[in-house]
Amino acid sequence: MEAEERRADRVLILAGRHPVLEALRSRARPIEEVLVEAEARDRHADILALARQGGVRFSRAPRAALTALAGSSHHQGVVARVAPREYAELEDLLAVPVARGEPALFLALDQVQDPGNVGNLLRTAEALGVHGVLVPRHQAAGLTPHVVRAAAGALEYLPMARVGNLGQALERLKEAGCWIVGGVAQEGDAVAPWAADLRSPLALVLGSEGRGLRPLVARTCDVRVRIPLAGRVGSLNVAAAGAALLYEVHRQRQEAKGGRPRGRG
């Protein structure tokens with residue numbers, strides 16, 4: 001996993017319409033080149049127009065060449081060479097809600113190792129107003145190409161910090177006024193998410209796919225929440241559970257503003 005990240009330090013390949021569009025729109029990092037499928041004719045005119053406006057080199061290439069570059073046929077006829085996404089510092093994350101004038105909302109992933117799960121969580125987090133994501137330096141999926149692809153453009157707007165000790169990082173968030181909320185699968189002392197007040201500044205912590213939260217991380221939590229299930233399946237995938245919990249945070253905060261949850265548009 002770390003070897004994959006080291007290879008990505010030189011150049012990152014974005015594949016797919018959404019990742020490339022968001023990279024062009026955000027201008028958060030240098031884009032070396034955009035390539036679109038030659039056989040697609042005018043289907044990607046919007047991407048080429050954005051590249052032209054941003055002074056980004058672009059060209060057309062055979063689909064087979066895009067597949068070879070992306071390492072997969074799932075590129076929707078669009079590939080870009082971009083600078084790798086850099087990790088943020090924890091203090092950078094803390095500055096985001098202050099700058100926006102919003103109660104802090106952070107997502108911490110405790111050794112979540114599946115890149116697809118991490119990418120999906122990042123996409124959900126950005127859509128639901130998370131200000132930043134924390135991951136441990138070891139035994140966790142970071143900013144690998146697979147994660148970036150699965151995030152579908154969310155990382156152009158959502159900062160991620162990689163920390164040596166997640167428990168200590170959560171204590172720093174507590175010092176900054178955040179409530180630490182742990183998502184768990186077992187009942188124990190966990191409450192339903194709608195029974196907890198999630199309107200205050202907080203960090204939602206989700207555990208790994210197999211073991212959940214590590215004991216030291218669990219002990220930093222001020223409250224544990226569990227999604228009650230009506231079916232026979234014992235638990236949800238971490239990406240699905242994270243989406244449900246983040247939406248409950250969003251719902252409570254929108255209701256506190258006097259309105260229903262709504263999109264940004």
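Sort through ALA51, ALA65 and tell me the only one that's part of a helix (DSSP H, G or I) and in contact with a Lys or Arg (Cβ under 8 Å, 6 or more places away or on another chain).
Working: ALA65 fails: in contact with a Lys or Arg (Cβ under 8 Å, 6 or more places away or on another chain).
Sole residue among the options that is part of a helix (DSSP H, G or I) and in contact with a Lys or Arg (Cβ under 8 Å, 6 or more places away or on another chain): ALA51.
Please specify each residue of region 84-120 satisfying the condition of being of a type in the set (Phe, Trp, Tyr) and buried (at least 18 other Cβ atoms within 10 Å of the Cβ).
Initial filter on region 84-120 (of a type in the set (Phe, Trp, Tyr)): 87, 106.
PHE106, the sole residue that qualifies.
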Residue within region 80-92 that is at pLDDT 95 or above and of a type in the set (Phe, Trp, Tyr) present: no
Search result, residues across region 23-46 that are crowded, with 20+ Cβ neighbours inside 10 Å and in contact with a helix residue (DSSP H, G or I) (Cβ under 7 Å, 6 or more places away or on another chain): ALA23, LEU24, ILE31, VAL34, LEU35, VAL36, GLU37
Boolean, ALA240 is in the same structural domain as ARG100 (by TED's automatic domain parsing), free of Cβ contacts under 8 Å to residues at least 40 places away in the same chain and either outside any loop (DSSP other than H, G, I, E, B) or of a type in the set (D, E, K, R) (or both): yes
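Among the candidates ARG10, ARG6, which residue alone is surrounded by fewer than 17 Cβ atoms within 10 Å (Cβ to Cβ), modelled with pLDDT under 90 and not in a loop (DSSP other than H, G, I, E, B)?
Working: ARG10 fails: not in a loop (DSSP other than H, G, I, E, B).
On inspection, the qualifying residue turns out to be ARG6.
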Considering residues of region 152-195 that are touching a helix residue (DSSP H, G or I) at 6+ places or on another chain (Cβ under 7 Å) and part of a loop (DSSP other than H, G, I, E, B) only, the residue farthest from ALA125 (Cα to Cα): ALA176
Members of region 196-221 found to be modelled with pLDDT under 95 and not in a loop (DSSP other than H, G, I, E, B), listed by number: GLY207, SER208, GLY212, PRO215, LEU216, VAL217, ALA218, ARG219
Hits in region 78-110 - residues which are closer than 27 Å to LEU21 by Cβ and either assigned to a strand (DSSP E or B) or among the basic types (Lys, Arg) (or both): VAL78, VAL79, ALA80, ARG81, VAL82, ARG85, ALA88, ARG100, LEU105, PHE106, LEU107, LEU109
ARG224, sole failed condition from (1) surrounded by 20 or more Cβ atoms within 10 Å (Cβ to Cβ); (2) part of a loop (DSSP other than H, G, I, E, B): (2)
Search result, residues across region 25-47 that are at negative phi, within 26 Å of the chain's Cα centre (by Cα) and free of Cβ contacts under 8 Å to residues at least 40 places away in the same chain: HIS44, ASP46, ILE47
Members of region 30-61 found to be closer than 25 Å to GLU86 by Cα and polar (S, T, N, Q), listed by number: GLN53
Positions within region 49-83 being touching a His at 6+ places or on another chain (Cβ under 9 Å), within 30 Å of ARG137 (Cβ to Cβ) and surrounded by fewer than 16 Cβ atoms within 10 Å (Cβ to Cβ), in sequence order: none
Criterion: crowded, with 21+ Cβ neighbours inside 10 Å and outside the structural domain of LEU14 (by TED's automatic domain parsing) - qualifying residue of ALA150, ALA127: ALA150
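The values are calculated or read from the model by the stated rules, or taken from the named source; none is laboratory data. Remember, it's a predicted structure, so these values are computed and weren't measured experimentally. Every residue, glycine among them, receives a Cβ derived from its backbone with ideal geometry; neighbour counts consider all protein chains shown.
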